[in-house]
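Single-structure report; data block below.
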Amino acid sequence: MNSEASAVAVQSAEKTYANGTRALLPVSLNVQQGEFVTLLGPSGCGKSTLLNMVAGLLAPSAGRISVWGESPNALSHAKQRMSFVFQEATLMPWARVAANVRLPLDLQGVNRPEADQRVIDALKLVGLEKFSDAYPRELSGGMQMRASIARSLVTDPSLLLMDEPFGALDEITRNRLDDELLTLWRSKGLTVIFVTHSIHEAVYLSSRVVVMAARPGRVVEEVMIEPTIPRDDAFRVSTEFAGYAKRLQDSLLRASVSVDEALA
Amino acid sequence: MTRDGVQRLLLPLGVALLLVGVWQWWVTAYDIPAFLVPSPLVVAQTLVKDWSLLGAALAVTLKVTFLALICSVLLGVAIAFAFVQSKWIETAFFPYAVLLQVTPIVAIAPLIIIWVQSPTASLVICATLVALFPIIANTTLGLRSVNRGLQSLFKMNRATRWQTLVRLRIPSALPYFFGGLRISSGLALIGAVVAEFVVGTGGTGTGLAYQILQAGYQLNIPRMFAALVLITLTGVVLFALMGALSKWALGSWHESETTVS
């Protein structure tokens, strides 16, 4: 794979904290434009660390990370087309939904009429156009997450980094948001890196799953999910789905067993 | 007004009426002389009779209290901003902020009165020293209590230091600031009264504390009580005022000011 053409290229990036904790052993990963890649693993496997390094929020201790051929922190303002969705909705409680969604545009100095139009468009994408004047505390958890997604889409990014975004939601809401996310991914031609510890969510969403293991954090295996399978309720209960889920589960189990043996 | 609001007003008022009633009954029934404990009625009569004197004194005390409150807000917020700009500044100066807090104002008031010519200015300085610390401590805490995720979001969007301060740090700090303001408003009043006790007759315009001292010398106990009532009422009104200010600023979004529906 040509790493220069990748949206994201991770070359032997690793993270060791000052106290000597090895959060992540060297990882190499190329994500092509338009891929939906999921980082799957137990807590402490370094999946969030890897995502934060791609976002430029954490610097790798060694190795190199580039986004469209540039260092994540050096992405020029005009090319800033990477958005991050956090574990929690992380909305500003003192600002109404519209102002929250407009924040990235305000920070980038986009003029008000244009920004307002883009906010309306983004809210429509997530079905929150009626709630633009509400305060975050007046919304349910799922709606807050929708607002957070609208905020990440308002800059029209081509790369979306998502750190267990639906982890705190109930399963019904989570499934619905998974579907909405897939629709957005397809219609906007997004590249998504999605962090989760849910095997089912990983199978349902991804075109490729990167299986990770903890202590020390590392990549174990990559599993491709056949992209031609339609992602719908029928897929969730199909034998193919169960097959993929079993494969990922076995992979996760093997990884944790091998660590236990090494420690014994 | 909501039923809850009516209750919140009526219940304390009922307690006040009951206490005043018991007081009036006790003084009348046991024939307590007014130079020991005046009845509420006598206190009220004194309040009306001596209003020209007491009203002027109240205005002086109020002026000192509000000036001190304004000074401690401006100074306290400025110091808090300096503290969060650099860990060095905070480490170097925070112990002195604590020193300010633990030094009894009565101990340093005589010095300030010697150093500062204007009596009003020295009173304001004393009261400011008393009221300053909660503003510093709370605002500093507030400016530091910023959601980590939002901080990352601002960083990823290349927010300038100024944008982060105005759009993130200051709004995050507001609930803490208003908590400090409520404490400081009471302290400013206490500081104004205590400082005047120490300044004594040094002033030209005299406040409520001076009236209490004078009334004490003259054994004019009803007037003492009347002045005391004014100070207490001022404190209550001040507290309510700060509460209303906080509700106005935070009511739409912060948990402390929103009622569960």
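Quick one: A:Lys47, A:Lys130, B:Lys63, fewest Cβ neighbours within 10 Å first, how do they rank?
Numbers: A:Lys47 28, A:Lys130 9, B:Lys63 16.
The order, fewest Cβ neighbours first, is A:Lys130, B:Lys63, A:Lys47.
Each distinct pair of alpha carbons in the stretch B:217-261 adds a 1/r term; the inverse of their mean, the Kirkwood radius, is 13.0 Å.
Note on A:95-102: average number of Cβ atoms from other chains within 10 Å of each residue's Cβ is 1.
Could the peptides B:243-254, A:145-156 be put in order, highest first, of the mean number of other beta-carbon atoms found within 10 Å of their residues?
Numbers: B:243-254: 15.8, A:145-156: 23.3.
Answer by packing, highest mean first, reads A:145-156, B:243-254.
If both residues of a DSSP beta bridge must be in the protein assembly as shown, then about 50% of such bridges are antiparallel.
Report, to two decimal places, the Cα Rg of the protein assembly as shown normalised by 2.2 N^0.38 Å (N = number of residues). Before the final figure, lay out the partial values.
On the way: Rg = 32.2 Å, N = 525, 2.2 N^0.38 = 23.8 Å.
Its radius of gyration relative to the 2.2 N^0.38 Å reference: 1.36.
When the alpha-carbon atoms of chain A are used, the pair Rg, Dmax equals 18.7, 64 angstrom. The Kirkwood radius of the stretch B:50-252, taken over pairs of alpha-carbon atoms, gives through the Stokes-Einstein law at 25 °C and 0.890 mPa s a diffusion coefficient of 133 µm² s⁻¹. Karplus-derived 3J(HN,Hα) values for the stretch A:57-65, using 6.51 cos²θ - 1.76 cosθ + 1.60 with θ = phi - 60°, are 7, 10, 9, x, 6, 8, x, 9, 10 Hz; glycine and proline are entered as x.
Taking packing as the residue-averaged number of other Cβ atoms within 10 angstrom, the listed peptides B:179-185, A:68-74 run from highest to lowest as B:179-185, A:68-74. Dividing the helix sum by the residues of the protein assembly as shown, where each DSSP H run of 4 or more adds -39500 (n - 2.57), gives a mean residue ellipticity at 222 nm of -19500 deg cm²/dmol. Against the main long axis of the alpha-carbon atoms of chain B, helix B:105-115 sits at an angle near 90°.
Kirkwood hydrodynamic radius, the stretch B:1-114, all distinct C-alpha pairs: what's the number in Å? Don't jump to the answer; show the numbers that get you there.
Values: mean 1/r = 0.0511 Å⁻¹.
Result for the stretch B:1-114, one decimal place: 19.6 Å.
Normalised by the number of residues in chain B, the average gap of Cα pairs under 8 Å and 6 or more apart makes the relative contact order 26 percent.
Charge tally for A:Gly167 (other residues, Cβ to Cβ under 10 Å; Lys, Arg +1; Asp, Glu -1): -3.
So for A:Asp163, A:Asp179, A:Asp170, fewest C-beta neighbours within 10 Å to most, what's the order?
Working: A:Asp163 22, A:Asp179 15, A:Asp170 10.
Exposure proxy ranking, most exposed first: A:Asp170, A:Asp179, A:Asp163.
Only the coordinates and a few stated rules stand behind these numbers; no lab work does. Predicted, not measured: the structure shown is a model, and the values here were computed from it. Cβ sites come from the backbone with ideal geometry, for glycine too, and all protein chains shown count toward neighbours.
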